[in-house]
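Heads up, the thing below is written out as structure tokens.
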Amino acid sequence: MGAITLRPSHLSWSIAARLTAWYTATAFGLVLVATGLLYWAFVQNLRDEDQRLLADNVQVLRTLLRERAPNAAALKEVEWEWAARQYEQVYVRVLTDRGETLVETPGMAIVLPRETLAAVQRGPTERAVEVRGIDGRTFRAVTAAAGEESSARQTIQVAIDLTHEQDMLAAYRARLWLILAVALAVSAFVGHRIARRGVRPLEQITCTARRISSTTLDARIDRTGLPAEVASLAITFNEMLDRLQDSFERLSRFSADIAHELRTPVSNLRGETEVALTRARSLDEYREILASSLEEYERLARLIDSLLFLARAEHPETRIARERLNLRRELETVVEFYEGSATEHGVALTIDASPHLDLDVDRTLFQRAVGNLIANAVAHTPRGGSVTIRASADGPSIRIEVVDTGQGVAAEDLPHVFDRFYRADKSRASASGNLGLGLAIVRSIAQLHGGRVEMASQIGHGTRATLVLPT
Ligand SMILES: Nc1ncnc2c1ncn2[C@@H]1O[C@H](COP(=O)(O)OP(=O)(O)O)[C@@H](O)[C@H]1O
Ligand SMILES: [Mg+2]
């Protein structure tokens, strides 16, 4: 028997755990990426908005400065213009060409002194930059020339207080973290459910397998509703159970048969011995009793021999000693052995085989197989009948047919004749001392040689047993 190693039952759990982990990681990863992208887009939007607002401010200031001299009233106008639309505080400052403050939003000097913004590059395009004010607040600021022409050497500084925006973003982030936490929990839960669901059919199979013992070999896995992959596993498993059940049943029937077959000769022997011991016997009487016992011993020995042979033949490591034989010569040897009993039965034995056929077989086994077939044919053919042993090459194999003109085998018996202890006519067979193992042995021998044996029969007309052996 080949060793079959099964992993412990936690395998199913580990598949479920793995599936859960994969599902959770994938689902959560997607949510994480999506959320991150959304947040990034949102921040980007805000930044663009600020940038536009700052540029607008600069633009408005330029227009104002071109029209009149910078003063607080002009600034007020700018602030007013935006205050109506903005929640952010806007700071504006105009510097002279020498870098002195001309005018600025009140209070700007405290939070955003000139120098803080001086670091901001004064470029042709008004790129907004983030700067930190004295009190720690963050501003987005722009420094720009007041006009294109060189006379307008004034500098405009515009800054927006980002506190509100940052508070909003912080609140938004907090909400996103919450959503992510919920998403993680939900995907882990859903992943677990999905994995459990996927693995359940496997658990079903495991459960059935665990329930099965030698007495519950008839249990089968219910295939209804199983997914295709698992269904094929279930089918394979059920087929294996079919085979197991079949061999188990045959084995237990076989043991029962053996016990039954042993009982008859042993109880015969005991009976005879008991009777013999009831009183003193003459030497001749003892001799007669022993001779009768010898028959039973022989029957027992034959039974044990046959059983041992079958047991050995079934062992997968059994080797046979093949040798090259001339087929016709071997058949003649066997037929010679059965000639006597055939004559006694009034049955003609003939060989019809070419003398040029050779085959590689184990000589003893081959003779035993052919002998069993001939013995059967002779035994089941009435006086005046004939038994022919025909041999022919059939492609890569050789067919040896034992054809008789005897009583034949009933169709309902035919499928069973190769079973151990099977005898078509129980009463007659056991009286004749036949064990019903002859054909079982022939089949074993055929299989040991990689061949097969078949039987065809017509009741009342005769039987043909065919042994097919590869050359
Ligand atoms: N040539 C045959 N003609 C008729 N019946 C046969 C023949 N060969 C076998 N059988 C049937 O098959 C049964 C099984 O044969 P076998 O295994 O040789 O057992 P046994 O010869 O010990 O009865 C026999 O009991 C007999 O009923
Ligand atoms: Mg026989």
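The values are calculated or read from the model by the stated rules, or taken from the named source; none is laboratory data. Everything quoted here is computed from the prediction, not taken from an experiment. Here Cβ is always computed from backbone atoms with ideal geometry, including for glycine, and neighbour counts include all displayed protein chains. Remember, those area values only see protein heavy atoms, side chains included, never the ligands or the DNA or RNA. Shrake-Rupley method; radii C 1.70, N 1.55, O 1.52, S 1.80 Å.
On the full set of protein chains, 1.4 Å probe, figure out the accessible area of Asp358 and give it in Å² to the nearest 10.
60 Å²
For the chain, what does the helix formula give at 222 nm: sum of -39500 (n - 2.57) over DSSP H segments with n ≥ 4, over the residue count, nearest 500 deg cm²/dmol?
Only helices count here, giving -19500 deg cm²/dmol.
Please state the equivalent ellipsoid semi-axes for the range 101-251: what are the square roots of 5 times the Cα gyration tensor eigenvalues, largest first, in whole Å?
One finds semi-axes of 83, 16, 10 Å for the range 101-251.
For Leu180, Leu414, what's the largest-to-smallest order of accessible area, 1.4 Å probe?
Heavy-atom accessible area, descending, gives Leu414, Leu180.
State in Å² the accessible area per residue of the range 322-470; use a 1.4 Å probe, count heavy atoms of protein chains only, and round to the nearest integer.
I get 47 Å² per residue for the range 322-470.
Helix 327-345 sits at what angle to the longest principal axis of the chain, using alpha carbons and giving 0 to 90 degrees rounded to 10?
On a 0 to 90 degree scale, this one is about 50.
Taking square-rooted eigenvalues a ≥ b ≥ c of the alpha carbon gyration tensor, is the range 360-471 rounded, prolate or oblate, where a/c under 1.5 means rounded and, failing that, a/b exceeding b/c means prolate?
Prolate shape, in that a/c is at least 1.5 and a/b is the bigger ratio.
Could you work out the relative contact order of the chain? I mean the mean sequence separation of Cα pairs under 8 Å and 6+ apart, divided by the number of residues, in percent.
10 percent
Run the dipole for the chain about the Cα centre, Lys and Arg Cβ at +1, Asp and Glu Cβ at -1, nothing else charged, and hand back the magnitude in debye, nearest 20.
800 debye
Taking all protein chains in place and a 1.4 Å probe, what share, in percent, of the accessible surface of the chain do carbon and sulfur account for?
C and S atoms contribute 57 percent here.
Taking a ≥ b ≥ c as the square roots of the Cα gyration tensor eigenvalues, with a/c under 1.5 meaning rounded and otherwise prolate when a/b beats b/c, else oblate, which class fits the range 152-231?
prolate
Report the GluC sites (Glu not before Pro) located in the range 314-375 that are in a DSSP loop and have at most 15 other Cβ atoms inside 10 Å of their Cβ, or state none.
The qualifying sites are Glu317.
Would you work out which of Ala209, Phe248, Leu439 lies farthest towards the positive end of the dipole of the chain? Charges go on Cβ: Lys and Arg +1, Asp and Glu -1.
The listed residue farthest towards the positive side: Ala209.
To the nearest 20 Debye, how big is the dipole of the range 322-470 about its Cα centre, given +1 on the beta carbon of each Lys and Arg and -1 on that of each Asp and Glu?
Dipole size: approximately 240 debye.
At a 1.4 Å probe radius, which order do Ser386, Ser306 fall into by accessible area, largest first?
The ranking, largest first, comes out as Ser386, Ser306.
How much accessible area per residue does the range 213-262 have, in Å², with a 1.4 Å probe?
67 Å²
In the full protein assembly as shown, how much of Asp257 is accessible to a 1.4 Å probe, in Å² to the nearest 10?
50 Å²
If you bin the C-alpha pair distances of the chain every 10 Å from 0, what whole percents do you get?
Per 10 Å bin, starting at 0, the Cα pair percentages come out as 3, 13, 13, 10, 8, 7, 6, 5, 5, 5, 6, 7, 6, 3, 1, 0, 0.
Could you sort Ile351, Ile110, Ile441 by their accessible area in this structure, using a 1.4 Å probe and putting the largest first?
Largest to smallest exposure gives the sequence Ile110, Ile351, Ile441.
Could you order the peptides 37-49, 447-459 from most to least packed, using the average number of other C-beta atoms within 10 Å per residue?
Listed from highest to lowest mean packing, they are 447-459, 37-49.
Which residue, Leu95, Gln44, Phe237, has the largest displacement toward the positive end of the dipole of the chain when charges sit on each Cβ (Lys, Arg +1; Asp, Glu -1)?
Leu95
In the P(r) worked out for the range 228-314, what percent of Cα pairs fall beyond 20 Å?
The answer is 59 percent, as a whole percent.
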